[in-house]
Structure formats: structure tokens, C-alpha cells
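K.L.:
First the structure, then my questions, so here it is.
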Amino acid sequence: MSMPNNANTQQCQYPTMPIPNYADTQPCRYPTMPILKTQSNKVDREKGPSVGSSGGQETTTFGRRRMRPMDASEALELADSLALAFRDNPLNRAVIRGSAARRVRSNRYGMRATLAAAGGRATVLVPAIQAGAGLGGLIALAPGGWPLPPPPVFAQLEYWFGQGFGTLRRWGKAYHALAELHPTEPHWYLQLLGVAPEARGRGIGAGLLEAWLEDVDREGASAYLETDRRENLGFYNRAGFEVVGAEEILGTPIWRMGRPPH
């Protein structure tokens with residue numbers, strides 16, 4: 001979902017983790033929730049969306065000019081930072097039962113599979129500094145790029161065995177529920193936006209979002225995302241997104257947001 005995510009001064013966009021299609025997992029429908037107004041959800045633009053912890057008060061800040069494409073050699077590092085970024089997201093808690101350490105471990109397998117599937121098919125941005133992938137990143141799909149294909153066999157097997165049956169089943173339900181609501185018209189999709197807890201409060205999330213939207217606007221395209229954090233609504237609203245729908249999935253509110261061509 002882009003699931004993402006992103007609360008208490010962090011940047012995690014729900015982009016949930018993309019889940020391979022499982023033939024034995026049936027789509028599930030969930031009751032629609034009332035659309036919520038975004039005006040009351042104030043999020044500092046410099047801090048960006050938050051995910052659940054406050055992070056430090058580092059002095060270095062980032063803008064859209066300080067972002068770059070991820071190098072393939074940084075995939076594992078980015079998977080680790082995104083695993084931490086989504087650890088406390090509401091949907092993450094609903095899907096992955098157990099301790100915070102278990103959620104991080106499960107997320108790590110999911111992020112590795114996502115990045116393996118995204119290779120050459122997605123825009124993957126990280127802060128333009130050494131070890132920038134360790135701070136967080138963004139994964140977005142161009143029009144026609146959603147859904148991602150299954151990852152290579154090894155990554156897919158690692159993902160399956162690393163999750164456990166119950167977690168796989170719940171991710172499958174969430175994925176299929178959101179897939180049924182995904183727009184059919186051509187659009188850019190914000191699959192993931194996450195910032196590691198220790199790097200929050202430095203404008204990384206805002207910089208990643210702005211850098212990506214420059215490409216979207218250059219093409220005159222629309223954009224779409226999902227978030228499971230109410231705190232993110234104001235942040236994305238200021239970037240031109242509006243709530244287009246809200247659902248409850250596994251007991252967790254999910255907001256779908258769209259952005260018309262600019």
C-alpha cells in the first residue's frame with residue numbers, strides 16, 4: 001500500500017509490502033470507512049510524514065536535490081532501513097503478530113523481495129550521501145508498472161519461509177483488498193516511502209517525495225498512494241494528494257489518496 005506509512009515525525013508511507021500473488025488466497029472485502037478531512041492532520045513539511053517514533057534532532061536537512069537513484073549494491077542496506085521504518089505501522093502490527101524484533105525480521109524479508117522484484121522496473125530513490133540507503137528510501141512504479149511481478153525464485157522462497165503461513169495469509173488478504181480498489185487509469189504509484197527511525201526529522205521524507213513528484217509532473221501524469229497513518233494525510237495533501245477513499249483492512253484504517261496531473 002504505500003502503506004507509506006509515516007507518523008510522529010517520520011516517513012513511512014503505507015505502501016504495504018507488495019505480496020506475490022498466491023493462488024490459494026482469496027480476495028476479501030472490508031467495510032468502507034467515512035472519508036476523513038485532512039485539514040486537521042498537520043504534519044511539518046520539513047519533518048515529513050511520521051511512522052511512530054520521534055527520531056533524533058540532527059542538524060543536516062535534505063531536499064529534493066539531495067536525492068539519487070539507489071545503486072544495486074545498496075539493496076540490502078535499503079531493505080534494512082525500510083524494515084525498521086515500517087516496524088510500528090498499524091497495518092504492520094495487524095499482519096505480523098509478535099514482538100517488534102519479529103516485525104523487523106519479517107519486514108526485512110519482505111523488503112528484500114520487493115527490491116528484487118523492482119529491479120529495473122521501478123524508481124528507487126535514496127538520500128544522495130554515502131550510506132544514504134541506510135537512512136531510508138522511496139519505491140515508485142511508472143504507469144503500467146503495477147503490480148510488480150513475483151521476485152526471482154530465491155528471493156521469493158526466502159520471503160515465504162521468512163514470513164510464516166499466518167503472516168503470508170494476512171498480507172495476502174490486505175494486498176488483494178487493496179488491489180481490488182487500485183485505479184485502472186494510467187498513473188504513477190507510490191509503492192513505499194520510509195525513513196529509518198534514527199534519521200527522522202531531517203526532511204528526508206519530504207525530499208524523497210518532492211524528487212519523485214518532479215518526474216511525475218514532468219510527464220504530466222497522475223499519482224496514487226495508500227497510507228495507514230492518519231498523521232500522513234496533511235503531509236500528502238500539501239503535496240497535492242487528496243483522499244479518494246478509506247477502508248478498514250484487518251481492523252486497520254487505510255486511506256487511499258490520488259493526485260491529478262500538475
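K.L.:
Select from segment 134-156 the residues that are under 15 Å from R202 (Cβ atoms) and out of contact with any Gly (no Cβ under 9 Å at 6 or more places or on another chain) and write down the one among them that is surrounded by the most Cβ atoms within 10 Å (Cβ to Cβ).
P.N.:
Going through the qualifying residues, I end up with L135.
K.L.:
Next question, about the same structure. What number goes with the only condition from (1) assigned to a helix (DSSP H, G or I); (2) over 16 Å from the mean Cα position of the chain (by Cα); (3) surrounded by fewer than 20 Cβ atoms within 10 Å (Cβ to Cβ) that P183 does not pass?
P.N.:
Unmet condition: (1).
K.L.:
Can you pull out the residues in segment 73-88 that are surrounded by 24 or more Cβ atoms within 10 Å (Cβ to Cβ) and part of a helix (DSSP H, G or I)?
P.N.:
L78, S81, L82, L84, A85
K.L.:
Taking helices (runs of 4 or more DSSP H) that do not extend beyond segment 89-169, which have at least 3 residues that are more than 30 Å from E210 (Cβ to Cβ) and modelled with pLDDT under 95?
P.N.:
By residue number, 153-163.
K.L.:
Next up: Applying the selection to segment 194-206, what residues are assigned to a helix (DSSP H, G or I) and either under 21 Å from E226 (Cβ atoms) or over 15 Å from the mean Cα position of the chain (by Cα) (or both)?
P.N.:
Listed by number, the residues that qualify are E198, A199, I204, G205, A206.
K.L.:
Would you pick out the residues in segment 197-212 that are in contact with a strand residue (DSSP E or B) (Cβ under 7 Å, 6 or more places away or on another chain) and surrounded by fewer than 24 Cβ atoms within 10 Å (Cβ to Cβ)?
P.N.:
A211, W212
The values are calculated or read from the model by the stated rules, or taken from the named source; none is laboratory data. What you see is a predicted model; the values in this text were computed from it and never measured. Ideal geometry is used to build each Cβ from the backbone, glycine not excepted, and the neighbour counts take in all protein chains shown.
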